[in-house]
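Data block below; observations after.
The values are calculated or read from the model by the stated rules, or taken from the named source; none is laboratory data. On a predicted model such as this, the values are computed, not experimentally measured, just so you know. Because the Cβ atoms are built from the backbone with ideal geometry, glycine has one as well, and the counts that use them run over all protein chains shown.
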Amino acid sequence: MPWVNEATADSPGSRTFHAVLKNALLRRVPADQLTVPLRTLHSQYPLSPDEIAGLLLGFRAHNTATDDPLLFTYADTLLQDRLITAESLLSALLNTSRFAKWKDGVKSDDPPSTGMPTCEERMFNMLTQKYLAGVLPIEPRNFHPLLWAFTRWLHAVKEYELARQLRDAALQPADVYTFNLYEALASLAITVLSHPALRKVDKLPWWKKRRPTLVKDAREFDMQVLQWIQSSLAGRLQALVTLPPFLETDDKGMPVFSDSQILGSIQDLQTVNSRAGLYIWLSACLFSRPFTDDANMLGYLQTRFSGDIHTLIGQLLLASFDLLTNHLRQKETESSIRVVRSFICNKLPALLAIIAGSMTHGVPVEAAVRDAFPSITIDVLPPITAGATEIREKLKTTRLEFLQACMLHGIMSEGAVLAIIREPLPPSKATRYSKSGLLAKFSNNTGAVDGLINELQGMQGNADAIAGFVIDTIGNLCINRDTISLKMLCNILTRRIAAVDIILQYTSPIQLLSPLCNQLDTWNHDQDQMEFTPSYEEFSSILLFVLAVVHRYDLTTADLGLTNEDAFVSKLLGDNATSFSPNDLSDEQSAQLGKWIEGLYTTDEHGETGGIGDEVMRPCPPQAFFPLVPTLFEQSVIARRSGVLSVKAFKGGLELLVEPFLLPSLVPGLRWLVKHSWEDHEDADVLLQLLEKLIKPSSSSPETKAMHHAILGIVADPLYSALQTLQQRKPEKKETDSLLETLRPFLNQSRILKANRDELDVWTEPPHGGIARCLQNTIRELVTWVTTTGPNPPPKYTHKLFVTACEMVGPGATLDAIVAELTHQTKENNGAFAMDICAAMICAPTRESLAMLTQLPTPSTQAMMGSSPVREALRLRCSRPQQLLQEQAASAESLVRLFRKVEAQLTITHMPQIGLPLPLHKEAADQIMADLGLTDANMTAQDASITVAGGDAFDNADLATVLEQPLSDEAVQSLANMSADVGALPSTQTQDIFGDLGMDNLDSLAAEMATADGGGAGGSNQGEQNAEDDIFAELDMNNLDFGFS
């Protein structure tokens, strides 16, 4: 007989036992006939269970032979008679197995299969059956050797299998018999480790030291062996060691949950890409200047819709018209409405052309547009409602202009458009512009650009080419230092400052203004030139355009890419309203200021000022004059108040400041006036005289009027507030009424995410109950909108509400308000929709996100950092999982889910910023779309049915309390079906918070295990489990008291 070890032991008892077992095997003595002889022999020679088990396993077969069936029946008999124990049998089995015979890697190939289950598998199955039947008790005195035996087995098999995988380069799977052996070991380990008797092991002194080793080996065996062979038992050991008594405990004996256990127990809601989510995100993109570029916009959309281009196009088009409808219903300014309409008619066709032109077989743009158009309603108000007809006509016109622009870009045919509108197509004289063609046509005729800028605000689909032409023209003129042409172009743009709203949809402030800022910083002031007024005029025109754009979009030096803090533009933008005392001026500055005061206020014998001559401007470059303006204003006011200057001289000097070559000086001058303390200095009368002359100039020149209006648009808001304050304090000053009336048309000229006073009053007063409550009501209205069937217009929404809430109550309080409303909506079975809406608010692009994106030197996959202060507050809260235990369960769930949603949406493949001019060459567009993953392979549209998650079972309990609750049926099923790391986050229906960590009904685990294994792990149990196979069903830990407070 080819036994493993036939040698006899040294002691008489060992020799006798060896001889008896050997003769019994050779004579085929049945196991039941050995019971009495073995008991008698053991009374004469009381060998230990380890010795007897070692002798018995010495008769196991060599690798090439089949084990004697009597070996297993003898082992069964010895176990029943308590001559050996399970731990002694396991130890002897390991000592004689191949898993204990290799060192420094696998020494030889796996043993050839005999066509029969291995000895280890059969022994494991036998022990499993005995434990399940209750034949083998687990007693406290056996805890230590039994768990040590399991630790050794799990570690040895894991090391063996890992070495085998490395040897075979993970290409050779385990054979069916090795597979069954591993599953049999896992089944036995689960049966023993889940036994109710083990609850008391944490009371024993040695357990605290032994527990980490057992838990570590169990997890590694699960991950590196069971998951590798794709066993149906994979994940169960990992789940089991997250329950007592395998949990780590503190000094008081309380369970300590790891961060991964806490976060991993919170399951995500169903993913929903709601109509409101993209509506919110797009609203943030277009309300102020765009904070994203084409590549990142497409990247976000591709991430949001997982490569479903058909849905992407349709939802983007629908969200754009929702945004336009919102602007029309809220009666936004004409410039704001024009921005949205231009995005639809000019930007969208360009984006669709990038998508369509980059695909080998073409993207079904026509089909996507056709499918989306029925959802675009133009009858957003009842017919009898005031303004309903105007809104309907504006939406209808915009739809037609969009379709015609798509035809112009070649992405839709005339037949497709006719099929959509179902009426005759009006003739269009529009032709497709190209940037190169415009540059060739207008490069030497800057004056003709005026008409082209008018077309920039049209809806014909050519804004991209015109914007590219403007940017390139500015850059070329700056390179050539053609300041005369720059003056003309800047004057045109200043008169039509709203056109910059359209230009910035295709470029960044850096590309637009950086060449101009450099031109101002390096301005050539030649003191030998014949005349200085033209040079000052050119400088002033360029400077005024820069100041107008900076004010309109609240730009900073960082937004303009200005790094030299000592440069003229940087200093002027940093602080242009502070005056200097005479002692702080340098000798050169004092001389320059004296010349300007003399030129402004020196009068002839008739009391008339002589004007600003070359002798004033020659020693003073424009870069030196404008920083002196606040000091010039201060000295002028002091001189007039003290009587040094007469009223006529004072007003005459002020008239010179409204000449075109000095007109931008009103910006720092009037800003100084706003900061000046009217009451303390008793300068009200003088200042009102000054304002009367500067705000209501007598000049009738169209050029001067246009520049003056641009200046009023820059200073009107703070100046209006200052005059209102003066009016309240000194109502007898009737001059303020006319000044306020003059300033009123120029209020709110900026496009920034800052609420005005009227909006703040609406948001903070009843019935809204404060701005945080107003934000919650807005979320609720958006949820109602997307969950209501049938065509319905979008609710009123402005992203300023979210930004203002962050500024007024702080990001932490704003986050609390969002999470509270999200929790409420989850209870109402609208959690998935509310999650998408709240995440869209937080993911909306901001100044910080754009700044970081433009600083990335190379393409990289990363989250868009700094997207909002609320996101940073959310990140901070979720970075401390242990503190979540003190929060209410429902709130903690919402917080963690929202964090995951936000991080997932903001993790996009960053692309280098698309440089202007547009349109892109086909090769560039192809590369962009390929990098974004928008290829034909990803073009399959998936129609996913959405199941909205239900509410939570523990709405008002804190997390620590929830940890003590029994497992729900859903949580038990989820735990049993886990096939990966317990910290994985499956996208399933929401469950009770930390239900996976519930600790009930362990008493019935053994009975459930019997069903799961079908009487043993030796058979093929790789099939799918049903509910009855769940070994974790009906867990019971009623006797455990965690005592969370």
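In region 163-198, what residues are at pLDDT below 75, out of contact with any Ser or Thr (no Cβ under 7 Å at 6 or more places or on another chain) and not aliphatic (A, V, I, L, M)? Of everything in region 163-198, those that are at pLDDT below 75, out of contact with any Ser or Thr (no Cβ under 7 Å at 6 or more places or on another chain) and not aliphatic (A, V, I, L, M) turn out to be 168, 172, 173.
Looking only at region 13-36, residues that are closer than 12 Å to residue 77 by Cα, part of a helix (DSSP H, G or I) and of a type outside the set (Ser, Thr, Tyr) come to 4 in all. Here the condition is being surrounded by fewer than 16 Cβ atoms within 10 Å (Cβ to Cβ) and either at pLDDT 90 or above or closer than 27 Å to residue 32 by Cα (or both); of 123, 116, it holds for 116 alone.
Within region 547-589, which residues are polar (S, T, N, Q) and either farther than 22 Å from residue 618 by Cβ or in contact with a helix residue (DSSP H, G or I) (Cβ under 7 Å, 6 or more places away or on another chain) (or both)? Before you say what the answer is, go through the steps one by one.
Just the residues of region 547-589 that are polar (S, T, N, Q), to begin with: 556-557, 563-564, 570, 576, 578-579, 581, 583, 586, 589.
Once the filter is applied, which keeps residues that are polar (S, T, N, Q) and either farther than 22 Å from residue 618 by Cβ or in contact with a helix residue (DSSP H, G or I) (Cβ under 7 Å, 6 or more places away or on another chain) (or both), region 547-589 yields 556, 557, 563, 564, 570, 576, 578, 579, 581, 583, 589.
Determine, yes or no, whether residue 881 is modelled with pLDDT of 90 or more, in contact with a helix residue (DSSP H, G or I) (Cβ under 7 Å, 6 or more places away or on another chain) and not assigned by TED's automatic domain parsing to the domain that holds residue 376. Criteria not met by residue 881. Scanning region 550-561 turns up one or more residues that are in the same structural domain as residue 486 (by TED's automatic domain parsing), β-branched (Val, Ile, Thr), within 35 Å of the chain's Cα centre (by Cα) and part of a helix (DSSP H, G or I).
Please find, among 713, 643, the residue that is surrounded by 20 or more Cβ atoms within 10 Å (Cβ to Cβ) and either outside the structural domain of residue 549 (by TED's automatic domain parsing) or under 20 Å from residue 495 (Cβ atoms) (or both). Before the answer, list the steps.
Details: 643 fails: surrounded by 20 or more Cβ atoms within 10 Å (Cβ to Cβ).
Going through 713, 643 in turn, just one is surrounded by 20 or more Cβ atoms within 10 Å (Cβ to Cβ) and either outside the structural domain of residue 549 (by TED's automatic domain parsing) or under 20 Å from residue 495 (Cβ atoms) (or both): 713.
Looking only at region 797-816, which residues are of a type in the set (Val, Ile, Thr) and within 19 Å of residue 876 (Cβ to Cβ)? Let's see the steps before the verdict.
Narrowing region 797-816 to residues of a type in the set (Val, Ile, Thr): 798, 803-804, 809, 814.
Passing the criteria: 809, 814.
Within region 330-351, the set of residues being of a type in the set (Lys, Arg) and surrounded by fewer than 18 Cβ atoms within 10 Å (Cβ to Cβ) comprises 331 only. Identification of helices (runs of 4 or more DSSP H) wholly contained in region 754-845 with 1 or more residues that are touching a Gly at 6+ places or on another chain (Cβ under 7 Å) yields 757-764, 811-827, 831-843.
Could you run through region 709-729 and say how many residues are within 14 Å of residue 548 (Cα to Cα) and more than 40 Å from the chain's Cα centre (by Cα)?
Keep residues of region 709-729 that are within 14 Å of residue 548 (Cα to Cα), which gives 709-717.
Next cut, more than 40 Å from the chain's Cα centre (by Cα) only: 709.
Number satisfying all stated conditions: 1.
When you check residue 827 against the structure, is it surrounded by fewer than 21 Cβ atoms within 10 Å (Cβ to Cβ), closer than 25 Å to residue 755 by Cβ and modelled with pLDDT of 90 or more, yes or no? So residue 827 fails the test. All conditions in (1) surrounded by 13 or more Cβ atoms within 10 Å (Cβ to Cβ); (2) modelled with pLDDT under 90; (3) at positive phi hold for residue 461, with the sole exception of (2). The lone criterion from (1) among the hydrophobic types (A, V, I, L, M, F, W, C); (2) touching a residue at least 12 places away in the same chain (Cβ under 8 Å); (3) in the same structural domain as residue 16 (by TED's automatic domain parsing) left unmet by residue 94 is number (3).
Going by the structure shown, is residue 68 modelled with pLDDT under 90 and within 17 Å of residue 126 (Cβ to Cβ)? Yes.
Apart from one condition, residue 483 fits all of (1) hydroxyl-bearing (Ser, Thr, Tyr); (2) over 28 Å from residue 314 (Cα atoms); (3) not assigned by TED's automatic domain parsing to the domain that holds residue 517; the exception is (3). If you check residue 600 against the conditions, is it assigned to a loop (DSSP other than H, G, I, E, B) and in contact (Cβ under 8 Å) with a residue 40 or more places away in the chain? No; evaluated as a whole, the condition is false for this residue.
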